[in-house]
């Protein structure tokens with residue numbers, strides 16, 4: 001029985017747990033009109049019509065509880081969302097402004113109350129422009145292109161769960177954070193640019209830090225003979241996951257299961273002796 005309880009006692013030892021974080025931004029935004037047919041007599045024009053979304057949340061989805069914050073805006077109305085959960089357990093932010101798009105977050109499993117965070121041990125922060133009903137990304141005149149250029153900066157880091165019990169290491173012992181930017185639209189010339197970096201670590205490896213910076217340029221085209229609405233989305237996102245923390249009820253179930261297994265083993269042993 002002592003051997004059966006060893007994993008449970010190790011899990012209850014409250015080890016130092018994993019911490020992850022990331023940040024992503026697109027700054028220095030420029031929007032340049034491109035005349036795709038100089039002899040058509042049409043003056044290039046653009047309507048900035050897309051919606052702005054800034055959101056940060058715990059878990060894998062943005063629910064309606066205190067673990068999510070979301071704000072919307074437009075090209076002229078900034079959107080900003082931030083969220084703090086627990087005392088140093090999680091902090092996230094997202095912002096969409098004319099100055100740029102920003103997103104980031106940090107997550108420390110060791111700072112959460114017993115049972116861990118709601119919706120699972122993960123987080124997401126995202127800032128983007130996107131199409132919504134009645135709000136396309138852009139409205140371009142005939143034979144017109146719009147070139148968007150920006151400076152991207154991505155950072156991701158992960159600190160290992162150094163004292164994780166062996167059963168957790170065997171099950172899922174990795175801590176991973178991501179930072180990315182992405183452009184998505186059928187009107188983009190060529191391959192839509194995107195980049196994602198990640199930092200990953202485990203109890204058996206050192207802390208990891210990744211960084212990337214550079215310039216991105218994308219051309220959206222309207223090759224039609226009339227004005228057209230362009231749809232899609234683009235922006236930045238950070239997210240990450242760490243090993244989960246069983247809730248107290250899980251420990252209770254583990255205890256009941258171990259006791260049952262031990263009692264069954266003892267009963268079989270008594271029957272053999274009879």
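The values are calculated or read from the model by the stated rules, or taken from the named source; none is laboratory data. What you see is a predicted model, and the numbers here were worked out from it, not measured in a lab. Please note: Cβ atoms are built from the backbone with ideal geometry, for glycine as well, and neighbour counts cover all protein chains shown.
Every test in (1) at pLDDT 95 or above; (2) not in a strand (DSSP E or B) is passed by residue 204 save one, and that test is (1). Evaluated against (1) at pLDDT 95 or above; (2) surrounded by fewer than 16 Cβ atoms within 10 Å (Cβ to Cβ); (3) within 27 Å of the chain's Cα centre (by Cα), residue 227 falls short on exactly one condition, (3).
Just a yes or no: is a residue in the range 252-273 closer than 29 Å to residue 82 by Cα and either modelled with pLDDT under 95 or crowded, with 16+ Cβ neighbours inside 10 Å (or both)? Checked the range 252-273: no residue is closer than 29 Å to residue 82 by Cα and either modelled with pLDDT under 95 or crowded, with 16+ Cβ neighbours inside 10 Å (or both).
Counting only residues that are at pLDDT 95 or above and part of a strand (DSSP E or B), how many does the range 184-201 have?
Initially, the range 184-201 is screened for residues at pLDDT 95 or above, giving 184-199.
Of the ones still in play, those that are also part of a strand (DSSP E or B) are 184, 188, 194-199.
Count: 8.
Out of the range 186-201, which residues are under 30 Å from residue 36 (Cα atoms) and under 17 Å from the mean Cα position of the chain (by Cα)?
Within the range 186-201, the subset under 30 Å from residue 36 (Cα atoms) is 186-195.
Result: 194, 195.
Listed by position, the strands (runs of 3 or more DSSP E) enclosed by the range 97-140 that each have at least 1 residues that are modelled with pLDDT under 90, over 13 Å from residue 55 (Cβ atoms) and more than 12 Å from the chain's Cα centre (by Cα) are 100-108.
Take residue 37 and decide whether it is at pLDDT 90 or above and farther than 20 Å from residue 175 by Cα. Full working, then the answer.
Numbers: at pLDDT 90 or above: yes; farther than 20 Å from residue 175 by Cα: yes.
Spelling it out, residue 37 is indeed at pLDDT 90 or above and farther than 20 Å from residue 175 by Cα.
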